[in-house]
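**Student:** Below: one structure in structure tokens.
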Amino acid sequence: MKHRKLKWIGLLIAVCLFMGSVGCGYASAAPDLWWQKTIAYEIYVKSFKDSDGDGIGDLRGIISELDYLRDLGVGVLWLTPCYVSPQADNGYDIADYYRIDPAYGTMADMENLISEAGSRGIRIVMDLVFNHTSNQNPWFLESSAGRDTDKSDWYIWMDPREDGSAPNNWRSIFGGSAWTYNEARGQYYLHTFLPEQPDLNWENPAVRQALTDVARFWIGKGVGGFRMDAITYIKKPSGFPDGEPDAGDGTAGIHKMTANTDGILDYLHAFKAAVQPGTDIFMVGETNGVSPEDLPVWIGENDDLPDEMKWCERRAWSLPELKEIFSASQQKALLTNGWAAVFLENHDQPRSINHFLPENADRAAGGKALATLLLTMRGTPFIMEGEELGFVNVAWDSIGRYNDVSTRNHYDFAIREGYTAEEALAGVHRFARDSSRTPMQWDDTANAGFTAGTPWLPVSDDYAWVNAASEKNDPDSVLNWYISLAGLRREHPALTAGDYTELFPEDENIFAYTREADGEKAVILINFSTETVSYDPACLEGAELMLSSAGESRPGTLQPLEAAIYLAR
Ligand code: GLC
């Protein structure tokens with residue numbers, strides 16, 4: 001298996017998530033908290049279900065599909081940001097943390113969603129984007145108006161260098177300098193992402209208090225927890241030093257300079273202490289760059305190309321490397337240090353079937369193989385909208401069809417660096433964030449039943465045969481496989497709380513492991529290849545077949561992409 005890039009796997013898995021506690025170091029020997037026993041589902045609100053025909057998904061649309069989500073077996077819905085936003089980065093640029101964007105509905109709709117979900121045993125998790133706001137947020141408008149306003153110190157402002165240039169050589173994650181000049185103040189402000197997303201100044205206690213108030217407000221509304229966006233970037237190194245250039249233009253990626261800076265945990269512990277006591281909420285963080293010294297394998301080797309260029313390159317990787325990443329996270333991080341989220345997809349990554357499986361993999365068989373991995377690991381699994389139907393990447397023939405600003409910027413960068421349009425587009429097909437953001441496919445009617453209007457992003461062409469309605473009726477569908485696995489997970493605590501032991505670590509094709517708790521042992525075997533493979537069936541002694549994606553399973557053999565679960569009591 002070649003053609004996938006370890007760096008990207010690294011990014012997927014290295015996002016070390018914390019739940020119930022801030023930081024990755026909290027032991028939880030007997031996981032019996034509600035959020036440890038459930039399955040979470042990410043809703044990309046803009047793309048899930050449109051109730052009013054404007055082409056944009058909304059809260060009423062989500063309410064109308066709550067039964068679908070309950071039947072799938074999920075207990076948590078993480079909603080991507082649905083606050084008032086100019087949408088420079090699809091809602092990750094928040095102009096008002098206390099109001100719902102009218103495109104998505106009203107506060108009454110949100111309250112209704114929280115209560116309707118609650119009556120089905122489902123909790124809502126809000127996305128808290130606290131590293132930055134929108135440049136249209138009144139906090140920033142006031143801060144940027146002059147140096148002597150009440151909020152002058154709420155963002156990160158610095159004087160130009162003597163020649164008028166930006167204070168240092170940091171490059172934003174979405175490309176270009178991480179600094180933008182502001183005339184009114186005669187200073188630059190820092191932005192880890194777009195110029196429209198200025199970074200908040202967490203050094204200022206008033207900022208930390210304002211953010212705490214936001215979290216408390218939403219706890220008061222009855223949410224079950226928070227997903228903390230880009231949280232490892234909130235603390236910047238003192239002195240804002242230049243970074244070692246990692247691109248031809250002398251710039252240094254800001255994420256290498258600011259992720260997980262010493263002292264960040266003081267902020268997070270204080271935040272946790274201020275919002276969590278007396279509640280049963282959990283927090284899950286997008287924590288790129290946590291403990292790289294402990295987890296070098298998660299990041300990968302050969303960091304010799306600037307990140308933008310890596311985006312166009314393919315790098316070989318092997319299943320044993322992927323297994324090592326998962327096993328390290330299961331054994332070291334999870335078992336000894338606490339609890340984590342397990343995921344293969346989110347709205348920032350391409351679809352996992354394209355990413356992790358051979359190009360000739362059958363879509364449905366591949367979707368079931370990956371589902372088995374996702375739902376039998378220790379931790380709380382996070383399913384990305386559409387993953388349960390076996391969605392694959394879109395491969396549109398023109399960059400103009402893509403919406404995501406980061407994808408477009410990376411494409412432009414590749415062209416400037418001399419890649420042909422065809423090569424740059426091939427990179428887009430592999431890595432565009434739009435692939436996980438296309439509208440949900442509900443049925444085979446126009447626009448896949450997502451909207452009666454014109455969808456904000458095109459629906460994937462495969463909706464006629466990949467959709468929820470047809471998969472519900474097909475006992476062999478990816479959807480029904482997810483439902484079976486979710487049921488198995490509920491019935492067998494070994495699959496949630498159990499110890500994890502990897503089998504056959506050197507095997508190039510099979511990912512196999514056991515999960516063991518309270519005298520029950522599950523053996524999970526997943527064939528990542530499109531060939532029939534064999535293994536030593538001694539690991540199945542005393543065990544019975546519970547589920548096989550191939551229908552039946554012969555001990556010692558796995559069909560192409562087969563996933564099988566055996567149980568010994
Ligand atoms: C996180 C989000 C991503 C967003 C970025 C800036 O990485 O997951 O979608 O673009 O933060 O807020």
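The values are calculated or read from the model by the stated rules, or taken from the named source; none is laboratory data. In this text, all values refer to a predicted model and were calculated from it rather than measured experimentally. Backbone-built Cβ (ideal geometry, glycine too); neighbour counts: all protein chains shown. Side chains included, ligands, DNA and RNA excluded: accessible areas come from the protein's heavy atoms. Shrake-Rupley method; radii C 1.70, N 1.55, O 1.52, S 1.80 Å.
**Student:** So how much slack lies between Glu491 and Ala145, counting 0.36 nm per residue of separation and subtracting their Cα-Cα distance, in nm?
**Tutor:** 118.7 nm
**Student:** When the gyration tensor of segment 91-241 is built from Cα positions, what are the square roots of 5 times its three eigenvalues, in whole Å, from largest to smallest?
**Tutor:** The equivalent ellipsoid of segment 91-241 has semi-axes of 33, 15, 14 Å.
**Student:** For segment 454-463, just list the computed ³J(HN,Hα) in residue order, Karplus coefficients 6.51, -1.76 and 1.60, θ = phi - 60°, integers in Hz, with x standing in for Gly and Pro.
**Tutor:** 9, x, 5, 10, x, 6, 5, 4, 7, 5
**Student:** Let me ask something additional. Treating only the Cβ of Lys, Arg, Asp and Glu as charged (+1, +1, -1, -1), what charge dipole size does segment 318-459 show about its Cα centre? Round to the nearest 20 debye.
**Tutor:** 400 debye
**Student:** Collect residues whose amide H, placed 1.01 Å from N in the peptide plane, falls under 5 Å from the amide H of Thr251; neighbours closer than 5 in sequence don't count.
**Tutor:** Placed amide hydrogens put Asp246 under 5 Å from Thr251.
**Student:** Modelling each spin label as a point 7 Å along the Cα-to-Cβ direction, I'd like the Arg120/Arg70 distance in nm, to one decimal.
**Tutor:** A separation of 0.7 nm, rounded to one decimal place.
**Student:** Per 0.36 nm of contour for each residue apart, how much would the distance between Asn204 and Gln136 grow if the chain were fully extended, relative to their Cα-Cα spacing?
**Tutor:** Difference between extended and current length: 22.5 nm.
**Student:** Dipole size in debye (nearest 20) for the chain around its Cα centre, Lys and Arg Cβ +1, Asp and Glu Cβ -1?
**Tutor:** Roughly 860 debye, rounded to the nearest 20.
**Student:** If you average the sequence gap of Cα pairs under 8 Å that are 6 or more apart and divide by the length of segment 492-568, what percent do you get for the contact order?
**Tutor:** About 29 percent, as a whole number.
**Student:** Using every pair of alpha-carbon atoms in segment 385-469, split the distances into 10 Å bins beginning at 0 and state the percent of pairs per bin, rounded to integers.
**Tutor:** Whole-percent P(r) values from 0 Å outward: 19, 45, 26, 10, 1.
**Student:** When only alpha-carbon atoms count, how far does segment 25-129 stretch along each of its three principal axes, as whole angstroms with the largest first?
**Tutor:** Largest first, segment 25-129 extends 46, 32, 21 Å along its Cα principal axes.
**Student:** Here's another thing I want to ask about it. Skipping prolines and chain starts, which residues have an amide H placed within reach, meaning under 5 Å, of the one on Leu200, given they are 5 or more residues away or on another chain?
**Tutor:** Residues meeting the criterion, in which the H sits 1.01 Å from N, are His132, Thr133.
**Student:** Between Tyr566, Ala247, Phe343, whose Cα lies farthest towards the positive end of the dipole of the chain when Lys and Arg beta carbons carry +1 and Asp and Glu beta carbons carry -1, centred on the Cα centre?
**Tutor:** Farthest towards the positive pole: Tyr566.
**Student:** If you look for lysine pairs in segment 184-289 that are eight or more places apart or on different chains, how many of them have Cα atoms under 19 Å apart?
**Tutor:** Lysine pairs meeting the criterion: 4.
**Student:** So, one more: What nm distance separates the two modelled labels at Trp34 and Tyr98, each placed 7 Å from Cα along Cα→Cβ?
**Tutor:** If labels sit at Trp34 and Tyr98, their model points lie 2.7 nm apart.
**Student:** Could you state the principal axis extents of the C-alpha atoms in segment 492-568, from the largest down, to the nearest angstrom?
**Tutor:** 35, 26, 21
**Student:** Okay, moving on. For segment 492-568, with every protein chain kept in place, what is the accessible area per residue (1.4 Å probe, Å²)?
**Tutor:** Value for segment 492-568: 42 Å² per residue.
**Student:** While we're looking at this one, here's another question. Taking only Cα atoms, what is the 0 to 90° angle, nearest 10, from helix 264-275's long axis to the longest principal axis of the chain?
**Tutor:** The answer is roughly 80 degrees.
**Student:** Helix 363-375 against the longest principal axis of the chain: what's the angle in degrees, Cα atoms only, rounded to the nearest 10?
**Tutor:** Between helix and principal axis, roughly 80 degrees.
**Student:** If you don't mind, another one. When 1/r is averaged over all different Cα pairs and the result inverted, which Kirkwood radius in Å belongs to the chain?
**Tutor:** 24.4 Å
**Student:** Over segment 187-251, what is the relative contact order in whole percent, taking alpha-carbon pairs under 8 Å and six or more residues apart?
**Tutor:** So the answer I get is 24 percent.
**Student:** Give the ranking of Phe226, Phe193, Phe504 by solvent-accessible surface, highest area first, calculated with a 1.4 Å probe.
**Tutor:** Of Phe226, Phe193, Phe504, the descending order of accessible area is Phe504, Phe193, Phe226.
**Student:** Right, here's the next one. Taking amide H positions as placed in the peptide plane 1.01 Å from N, state which residues far from Arg123 in sequence (5 or more) or on other chains have amide H under 5 Å from it.
**Tutor:** Residues meeting the amide H criterion: Val76, Leu77.
**Student:** Taking θ as phi - 60°, what are the ³J(HN,Hα) couplings along segment 208-223 by the Karplus curve (6.51, -1.76, 1.60), each to the nearest whole Hz, with x for Gly and Pro?
**Tutor:** 4, 5, 4, 6, 4, 4, 4, 4, 4, 4, 6, 4, x, 7, x, 6
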